[in-house]
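Written below as structure tokens is the structure these notes are about.
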Amino acid sequence: MPRPRIFLCLLTLTLFAWPSSVVMASDISSIQDTSMSLPSWDMLLRVLLLKDYNTRVVMFGTMSLGLAAGVIGTMMLLRKRALMGDALSHATLPGIGLAFIVMVQFGGTGKYLPGLLLGASLSGALGLACIMTIRRWTRLKEDAALGIVLSVFFGLGVAILGIIQKMQTGQASGLQSFIYGKTAAMLAQDAKMIAVVALFTVGICGLMFKELKLLCFDATYAQSQGWPILRLDAIIMALIIIVTVIGLQAVGLILMIALLVIPPAAARFWTERLFPMILISAGIGAASGFAGAAFSALLPRLPAGAIIVVVASFIFAMSLLFGTARGIVHRLIDHTNLSRKVAQQNLLRALYERSEGSRSLSKQNLSPIASATSSSFKRLLIARSWSPRKLRRTIRHAISQQLVRSRQDNRYSLTRNGLAEARRVVRNHRLWELYLIHHADIAPSHVDRGADELEHILGPSMVDELLGLLAVKHPELAVPPSPHAINSRSAIGIAGKYRPKTGSSKRT
Amino acid sequence: MDWTSLDTWIVITGVLSAMSCALVGNFLVLRKMSMMGDAISHAVLPGLAIAFLISSSRGSITMFIGAAIAGLITALFTQWIHKFGKVEESAAMGVTFTALFAIGLILIVRGADKVDLDPGCVLYGAIELVPLDTITFLSLTLPRAVWILGSVMLINILFTLVLYKELRLTCFDPALATTLGINANVMHYVTMTLVAITTVASFESVGSILVIAMLIVPASAAHLLTNRYGLMLAMSMIFAAVSAVLGHISAITVPTWLGFADTSTAGMIAVVAGLLFTCTMFFAPHQGILSKVWHRLRLSLRIASEDILGKLYRLEESTSDQPTLAQSAVFPANKWISRLARADLARTRKITRENNTYRLTEQGRFLAMQLVRSHRLWETYVAKHFDLEVDHLHDSAERTEHYITQTMQQDMIEELSHVKTDPHGKKIPDQPSSEDSIVDPKQKGGQA
């Protein structure tokens, strides 16, 4: 069983890798002596109760941004375009620079925010058009299209910023904040603008929920139903551009991508349904925004944008591990339970078949005798290809469940409960074997393995169905006889012959 | 423009880093992992920061190791999140690199008081300062960046040559590579290590934007120009070198035309590479947009012309007593392609036009008979073999008739034991032996 081991490796590695980078950070900062004293209780309360005007504004802004990005990011993630935001946010830079130059040329200060945002949106839209063109007309795939647009547009943006820097010293420094963000310096009007955009985004997503849902999960079907796929995609893209542009100033260009990608990816671990996923994703976005703003207010000289992203990634790591729908631990537990159940059923079947093969078996009255016969550990070990360690563990578990009884001299037999369970298991196994033989035309010597895989997951309704199919030949509801010799080694000898097993079985 | 020895060194540095990036970029583009370059080049930031904070110096080796480890961690985490968390690969990448970038940013800001490590420097690099920092080795005094990038380029070239066959196989068919005993996973991480090393080496001098651009853009452009692996590698490196040279020249000239000062060389190299890519995208011989549009146009023109010929031929068949005429009204006159086709047919003397009336020439009739023969043979063939209703045959034949060759006609007529009429009861025109022997279909009909 290599899979649980891999999971464990990953688990430990993730657990180590995540906090270690954070721990390292604090270690190093202490080496560098950058006095990071813990905030006082008083100050903590001040921040958490939103007593400061500045903190209130910043928190309001970052939370709205996280919420909007979480909602629209979900659509993007499900449309398998997680990195589209990356390319688009980089593509906004030349627009910002050009808008600045144009405004300065026309005698303005160049820092008029709506003008800069308009430029950003236009160049983002142009970047989107380029991506579409490359994808539609060349053999390059989406990844290359994104990479080309991202790097070339950003290069252009840097070149334009370079010009601006030499053109008007001092004035251009404001534009740098579009790359790295300046969350802590958010003004009330910025926060209001973010809130309006967030409301707008959420509203559009709410109004078009049904259409977007269809688009996210089955675009081809949506198209066949006559929905305008292209226009719906364009709406999602437009919303992404708007949210990105509005978030640029708050968290900066690169960390904006994180807000679009991380909360939805984390939400995916908690649910399989779209609406809860959007809610969770928006919640994670808003929570990261809140925590980021709080941290940067409490601890001096921490860039709030980066903190927001680190908080979001921490939530992601936790979701990856502990998510209830797709989390690693959850899946690991499921997997362990299943393999334990399978091993136990295999043990019961082996014990039953051993007792069935023994001479003392009488056809009419199986139960008391079967439970009386016992098998040695050695015999059980060669019944299947399992390791002694695993067999011992399985036996221990079965004994604790009172399905198997241990005797002296290392022999084991079924209890009454165990016998009932074993009969059910063996019946499923043989019903499936008979089904394969009669209805799938598989040689009796070959059915054992196929049945071995399926017997553990046959539900009651399926067993009923099988009984219905096979009832003509095997009217008894009890355990049907095995259609082949139990021991796989001797089974080869009678391959191709359907021979219900009689009392004595050949032993090698 | 005054060119100094400084400019020469800047260009040499740019060319070296662009070429090493372009070489490994080919593998990213071919394996559809271009965004990995973006992710790695952002995610090396914490590696750089930690290495710097540990060693408290800008010593190349520590920074180099730190960044290379961070790059590999990005590749590993992306792979793990994708595999164990069942997250889509691009999303896994987005989560990983933004998280690492944020951590790096925090580290830099926290340590920024005593450190001269500017995040802006990571993005744009400082290629303009390269010639000032020289190292003497083997009695050669060259800029440090030239030494580093030169060796990285050598490593990349050596690696590509040694693993030439293996890399090619894993790029184009990982499954086949695995069956042949090449571990695709190992190749993946080897490639990622190379990407990380190249990224880190190029960082200091040219910055991360240029790295991303050079990883993806030249390789993509080369991919549009050729189908051959070796040629693609070579062409991408040439593209990279050309963009580096032109990029620096335009960085110091282009802004002055508009009355500004010079600008960032790294940014302009990326822009030039983008322009080169755009040119390739439009003008590439087979993959280019113009060539594709041209081929589509040619094809639609041929189909439109053949449809016109077929229509005229059928009109000749149906009007028994009139001379073979056709009003232009019977054609979809508003479609420009149809008008173009008619003009083309008239020019090549396949039809004649007299006051809005069209008539087939001998040559045109020869082609038209071929076409109608294909059409009706196909209808007969489909009716015989596919059990379709008679009124469903026409559409299929209307599409297929343009692609049926002489040999296919011959095969079909033998398969159909020299049938004379199609399922609609219309006569299948005989194979005209040459253009001279064409006779008017009605005369022929009269003889039959």
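For the pairs B:K32/B:K165; B:K292/B:K335; A:K80/A:K192; A:K182/B:K32, note any where the Cα-Cα span goes beyond 28 Å.
The pairs that break the limit, which is 28 Å between Cα atoms, are A:K80/A:K192; A:K182/B:K32.
Taking neighbour counts of Cβ atoms within 10 Å as a proxy for exposure, in what order, fewest first, do B:S208, A:S461 appear?
The order, fewest Cβ neighbours first, is A:S461, B:S208.
What is the distance in Å between the Cα centres of segment A:437-463 and segment B:226-270?
66 Å
Non-local amide H neighbours of A:R405 (under 5 Å, H modeled in plane, Pro and chain starts lacking H): which ones?
A:S413, A:L414, A:T415
Once a ≥ b ≥ c are taken as the square roots of the eigenvalues of the Cα gyration tensor of segment A:39-262, is the result rounded (a/c under 1.5), prolate (a/b larger than b/c) or oblate (a/b not larger than b/c)? Write down the numbers at each step before the final one.
On the way: a/c = 2.14, a/b = 1.19, b/c = 1.79.
Since a/c reaches 1.5 but b/c is at least a/b, the shape of segment A:39-262 is classed as oblate.
When the Cα centres of segment B:170-196 and segment B:26-89 are compared, how far apart do they sit, in Å?
That distance is 18 Å.
Among B:V44, B:V271, B:V109, B:V390, what is the fewest-to-most ranking by other Cβ atoms within 10 Å?
B:V390, B:V109, B:V271, B:V44
Ranked by Cβ crowding within 10 angstrom, fewest neighbours first, how are A:I442, A:I163, A:I395 ordered?
By the 10 Å Cβ count, ascending: A:I442, A:I395, A:I163.
To the nearest whole number, what is the average tally of beta carbon atoms from other chains within 10 Å of the beta carbons of peptide A:134-140?
Per residue, the number of nearby Cβ atoms from other chains is 6 on average.
In peptide B:35-43, what is the residue-averaged number of other protein chain Cβ atoms found within 10 Å of each Cβ?
4
For segment A:173-317, which semi-axes, largest first and in whole Å, follow from the square roots of 5 times the eigenvalues of its Cα gyration tensor?
30, 18, 12
Within a 10 angstrom radius of each residue's Cβ in B:207-216, how many Cβ atoms of other chains show up on average? Whole number is fine.
The per-residue average across the peptide is 5.
What are the ³J(HN,Hα) couplings of segment A:433-443, residue after residue, when phi is run through the Karplus curve with 6.51, -1.76, 1.60 and θ = phi - 60°? Round to Hz, x for glycine and proline.
4, 4, 4, 4, 5, 7, 10, 10, 6, 10, 4
Return the whole-Å distance between the Cα centroid of segment B:355-395 and the Cα centroid of segment A:77-144.
Taking the Cα centre of segment A:77-144 as reference, the centre of segment B:355-395 is 52 Å away.
Quick note: the coordinates plus some simple rules give every number you see, no bench work behind them. Keep in mind that what you see is a predicted model, and the values were worked out from it rather than measured. Don't worry about glycine lacking a Cβ; one is built from the backbone with ideal geometry, like all the others, and counts go over all protein chains shown.
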